[in-house]
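Heads up: the structure comes next, in structure tokens.
The values are calculated or read from the model by the stated rules, or taken from the named source; none is laboratory data. Bear in mind that the values here come from a model prediction, so they are computed numbers and not experimental data. Note: ideal-geometry Cβ built from the backbone for every residue, glycine included; neighbour counts use all protein chains shown. To get the accessible areas, we keep the full protein, side chains included, count just its heavy atoms, and leave off ligands, DNA and RNA. Shrake-Rupley method; radii C 1.70, N 1.55, O 1.52, S 1.80 Å.
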Amino acid sequence: MRSETVNCLLQNALLLSTVLFDPTLVSVSGHGTTNEMVTEFFEVHEKNILEKITWKSSTAMALIETKLVNRKVRQSLYGGKVFVLRQLPSLLKLCELSRTHYLDNSITEEEIEATLRKYEKSKETRYLFASALTEAGVVLKTTNWDRLRLRIQKPGTDVDVVSDNKYGTGRFSSTLPLHRDTWASNIQCQINWWAPLSTITEKRTLQLFPSFFKKPVSNNSASWNLETLKKRRNESKSYPQMPICTASGEELSSIMCDSIPIVIEPGDMLVFSSAHLHSSVPNTSSLPRFSTEIRTYHKGDFEHRIGAPNVDGQCSDSPHLSWFTEIAGDS
């Protein structure tokens, strides 16, 4: 007898393909009523469907709630755990500030660049984010951060072509392809802090691929170099802003089956190791996605070579510490 979960999923073949993250399954042939088509869909793909449902349920990732990101939590982050801090007061203030000054559902492409620059240069946005880190238990004098980013992802936006000069600095990225941030930075104790500034859904958010935290994937980090990026950018020539996953075929399908879209509330902060494989979810909703993010590393952990495993990064550059500054002097 089919399980209740399968019977529920059978009500809509398109919904089923979304849950399984395999659009190639939507190939129902013939004609007839919706029920007849769905029944045919199940009969043709029954074995594959049941295998994928079992596999997805066994790899589901739970967000771990925490009030502080201390040494113990950092060790768990380096082991692949993913944490969420709920309703940080300063982050709520940042959401309110952003609604007033930066968030506009009708924003045009021409207005986005100016808005991103304004947000990034604002002392108030940096101060509020630094205050949120303090509320999360981060000791600012022992931690460095990179640039605070605002991401505006409009509906229907294609995945960024990272070799386009527009994305050379990373400032204007909105829909990032599969990557690990550590492929470029070479800092294994790097941590990502990500927060929605307005309501998000599974159709406009970030997605993680937790089963691949300790599994290598095909990527082009071996051929990527920061100095080459700088040189090409100065010459107005194309070069990838960062290394990306180059998986295709069965490897890519396997990765995408592991997708976990993140849905948290404005005021919540997602915290995960920069070694996690992740990407943007292409925005198929009717509203833009507004989110903010930053990356940090703990000075002591770096000095003592404490961090996440490097399973597939091959960039020959030294760790890019120059991307980071002291929080206390920058916020």
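Tabulated results
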read-out	value
Sequence of ARG149, ARG71 from largest to smallest accessible area, 1.4 Å probe	ARG71, ARG149
Accessible surface of segment 67-130 [probe 1.4 Å, protein heavy atoms]: carbon and sulfur percent	51 percent
Solvent-accessible area per residue, Å², over segment 55-132 with all protein chains present [probe radius 1.4 Å]	57 Å²
Solvent accessible area, Å² - HIS298, 1.4 Å probe, full protein context	40 Å²
Ranked order, TRP194, TRP323 - accessible area, probe 1.4 Å, largest first	TRP323, TRP194
Within the accessible area of segment 256-296 (1.4 Å probe), percent carbon and sulfur	62 percent
3J(HN,Hα) from dihedral phi, segment 64-73, Karplus parametrisation 6.51/-1.76/1.60, rounded to Hz, x for glycine, proline	9, 7, 9, 9, 9, 9, 9, 4, 4, 5
For segment 277-326, accessible area per residue (1.4 Å probe, heavy atoms of protein chains only), Å²	46 Å²
Cα centre as origin, Lys/Arg/Asp/Glu Cβ charges: segment 215-329 dipole, Debye	440 debye
